[in-house]
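Written out below as structure tokens is the structure these notes cover.
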Amino acid sequence: MGQDAAAKHADDSVTSDVGLLRIDHVGVAVADLDEAVEFYTRVFGMTCVHIEENTDQGVREAMMSVGPTTEGGCVQLLAPLSPASAIAKFLDRSGPGVQQVAYTVRDVEVAAAVLRDRGMRLLYDAPRRGTAGSRINFVHPKDAGGVLVELVEPPR
Ligand code: MC0
């Protein structure tokens, strides 16, 4: 991107009305969280910066920083807590692999409303609790070219 384009892009007045700010993380479904953390650390040299159990989402997850800081983006490793978990269903159907792409948004309710207006099905009527107190919603993968899109509003 040229300097002018980069400057324009950084200007709030011309960024998307959905309020996308950056890629928050790429979510990868795994069967065993501890094994996956060990693999990403040993093979790719990523750093585990956060581990949490989210019973609402039916997952145990680890946020892996790709670069020296999380500014370089994260891979989120997602393991199912039970057979009913969305991750268990994904693993059954597709095996381990990329399950979602997550974007940081300025305001998850605004982003959801704009996307609904554009005909996207949002999975939740209201945001739910995501990693580390974030507020999240998802666009159905069938409306987004086969990609489960997560919208993440970080905690204030
Ligand atoms: C299902 N499909 C997918 C998909 N999951 N396509 C791409 N990516 C995925 N992840 C496809 C199926 O193959 C199927 O295609 C069609 O969508 C409908 O399938 P379904 O039978 O309705 O599928 P379900 O029952 O597995 O539900 C899919 C759905 C579910 C996306 C609604 O996974 C869901 O509610 N996800 C949102 C919550 C979530 O993923 N939580 C775990 C991450 P065909 O062609 O066969 O019709 S938790 C998280 O991410 C939190 C902790 C965070 O980051 O803060």
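The values are calculated or read from the model by the stated rules, or taken from the named source; none is laboratory data. Owing to the predicted nature of the structure, the values given are computational and were not obtained by experimental measurement. Cβ atoms come from the backbone with ideal geometry, glycine included; neighbour counts cover every protein chain shown. Accessible surface areas use protein heavy atoms only, side chains included; no ligands, DNA or RNA. Shrake-Rupley method; radii C 1.70, N 1.55, O 1.52, S 1.80 Å.
Tabulated results
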{"item": "Evaluation of PRO80 against (1) surrounded by 16 or more Cβ atoms within 10 Å (Cβ to Cβ); (2) within 14 Å of the chain's Cα centre (by Cα); (3) not polar (S, T, N, Q) (one fails), failing number", "result": "(2)"}
{"item": "Sole residue being within 11 Å of the ligand (Cβ to nearest atom) and at pLDDT 95 or above, chosen from GLU153, GLU109", "result": "GLU153"}
{"item": "Which numbered condition PHE39 fails, given (1) more than 13 Å from LEU151 (Cα to Cα); (2) in a strand (DSSP E or B)", "result": "(2)"}
{"item": "Pairs where the first residue, in segment 129-141, is within 14 Å of MET63 (Cβ to Cβ) and the second is in a loop (DSSP other than H, G, I, E, B) and near the ligand (Cβ under 6 Å from one of its atoms), C-beta under 9 Å, 6+ apart", "result": "GLY130/GLN57; ILE136/GLN57; ILE136/GLY130"}
{"item": "Residue list for segment 139-156, restricted to those being more than 15 Å from GLN76 (Cα to Cα) and surrounded by 21 or more Cβ atoms within 10 Å (Cβ to Cβ)", "result": "VAL139, GLU153"}
{"item": "Checklist (1) at negative phi; (2) near the ligand (Cβ under 9 Å from one of its atoms); (3) open to solvent by 20 Å² or more (accessible area, probe 1.4 Å); (4) not acidic (Asp, Glu) applied to ALA132, failing item", "result": "(1)"}
{"item": "Hits in segment 100-115 (condition: outside any helix (DSSP H, G or I) and either within 17 Å of PHE138 (Cβ to Cβ) or hydroxyl-bearing (Ser, Thr, Tyr) (or both))", "result": "GLN100, VAL101, ALA102, TYR103, THR104, VAL105, ASP107"}
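Conditions tested, residue by residue: (1) more than 9 Å from the ligand (Cβ to nearest atom); (2) part of a loop (DSSP other than H, G, I, E, B); (3) open to solvent by 40 Å² or more (accessible area, probe 1.4 Å); (4) under 20 Å from ARG128 (Cα atoms).
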| residue | (1), (2), (3), (4) |
| --- | --- |
| HIS50 | yes, no, yes, yes |
| ASP56 | no, yes, yes, yes |
| GLU61 | no, no, no, yes |
| MET64 | yes, no, no, no |
| GLY67 | yes, yes, no, no |
| GLU71 | yes, no, yes, no |
| ILE87 | no, no, no, yes |
| ARG93 | no, no, yes, no |
| VAL98 | no, no, yes, no |
